[in-house]
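Notes for the one structure printed next.
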Amino acid sequence: DAKTTQPNSMESNEEEPVHLPCNHSTISGTDYIHWYRQLPSQGPEYVIHGLTSNVNNRMASLAIAEDRKSSTLILHRATLRDAAVYYCILRDFDSGYALNFGKGTSLLVTP
Amino acid sequence: KAGVTQTPRYLIKTRGQQVTLSCSPISGHRSVSWYQQTPGQGLQFLFEYFSETQRNKGNFPGRFSGRQFSNSRSEMNVSTLELGDSALYLCASSFLAGHEQYFGPGTRLTVT
């Protein structure tokens, strides 16, 4: 399985942008890059996904490097509710699209 | 639309017993996946069902099994419970395999 590497933790001030990095140097051409987050005491929540092009939705933006070896999840204005563990996951047909969660990045948002 | 529901929310069992957990997916979703979350191992994929067939399986012993019914509801069973099976068991549904998954609140299983 292709692996991802994320910082263990990051800290941000409320109402400031947050850039959460993810390295996936062994990504294959068919791997989709997915981001999920898990708020305290809740199940994981889908955030965004992409293949090659940058993607935007109401929650966040996903910037994918041209060589696809890294990506960045961008929260445009962090709120206290965004404090969560963020997981960067590669999904492909060969692995049955299973979500293989790593350790993720624990994001702390301070007022 | 109602979200993914899981029952029961909390469960206490004794070592050696068996347990059945239930998951009702979002209406119209045909794929159901199960995950185990522990402080030591994090979130680990158990198995995925689609149209009543197990399509994918994680690296767990045969004591862990599941099934899916024609209405897409799913159950997972753990036999001969061990202390290490204490965990939060999460169910997720999606319209099709590979689509975004929507998670339920989980069932907290404690084995004593």
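The values are calculated or read from the model by the stated rules, or taken from the named source; none is laboratory data. As the structure is a computational prediction, the values presented were derived from the model and not from experiment. Every residue, glycine as well, gets a Cβ built from its backbone with ideal geometry; the counts of neighbours run over all protein chains shown. Just so you know, the surface numbers come from the protein's heavy atoms only, side chains and all, with ligands and any DNA or RNA stripped out. Shrake-Rupley method; radii C 1.70, N 1.55, O 1.52, S 1.80 Å.
Taking N as the residue count of chain A, its C-alpha radius of gyration divided by 2.2 N^0.38 Å amounts to 1.01.
In sequence order, the range B:30-43 has phi-based couplings of 10, 9, 10, 10, 10, 9, 10, 10, 10, x, x, 9, x, 8 Hz under the Karplus curve 6.51 cos²θ - 1.76 cosθ + 1.60, θ = phi - 60°, and Gly or Pro positions carry x. Pairs of alpha carbons in the protein assembly as shown separated by more than 22 Å make up 52% of all such pairs. Residue ranking by accessible heavy-atom surface, 1.4 Å probe, largest first, among A:I33, A:I74 comes out as A:I74, A:I33.
Can you give the percent of C-alpha pairs in the range B:24-77 whose distance is more than 15 Å? Walk me through the intermediate numbers first.
Working: 646 of 1431 pairs.
Considering the range B:24-77, 45 percent of its Cα-Cα pairs are separated by more than 15 Å.
Remark: mean inter-chain Cβ contacts per residue of B:99-106 equal 5, using a 10 Å Cβ-Cβ cutoff to other protein chain atoms.
Taking every C-alpha pair closer than 8 Å and separated by at least 6 residues, the mean separation divided by the residue count of chain B gives a relative contact order of 37 percent.
Report the calculated FRET efficiency for A:L39 and B:T38 (r = Cβ-Cβ distance, R0 = 22 Å), to the nearest 0.05. Don't jump to the answer; show the numbers that get you there.
Details: r = 18 Å, r/R0 = 0.83.
The calculated FRET efficiency here is 0.75.
Derived value for the range B:58-112: Kirkwood hydrodynamic radius 12.9 Å. Basis is the mean of 1/r over every pair of different alpha-carbon atoms.
Given charges of +1 on the Cβ of Lys and Arg and -1 on the Cβ of Asp and Glu, with all other atoms neutral, how large is the dipole of chain A about its Cα centre, in debye to the nearest 20? Each step should come with its number before you reach the end.
On the way: 9 positive and 12 negative charges, 23 e Å.
In debye, rounded to 20, chain A gives about 120.
Over all Cα atoms in the range B:6-112, the spread is summed up by Rg and Dmax: 12.9, 37 Å. Rolling a 1.4 Å probe across all protein chains gives B:Y35 an accessible area of roughly 0 Å². Partner shielding of B:92-98 amounts to 3, given as the average count of beta-carbon atoms from other chains within 10 Å of each residue beta-carbon. Between B:Q17 and B:R67, the simple label model (points 7 Å from Cα in the Cβ direction) yields a spacing of 2.1 nm. Panel note: the C-alpha atoms of the range A:34-83, placed on their principal axes, show extents of 36, 21, 16 Å (largest first). Across the range A:71-101, the residues whose backbone nitrogen lies under 13 Å from the label position 7 Å along the beta-carbon direction of A:E16 are A:77-79.
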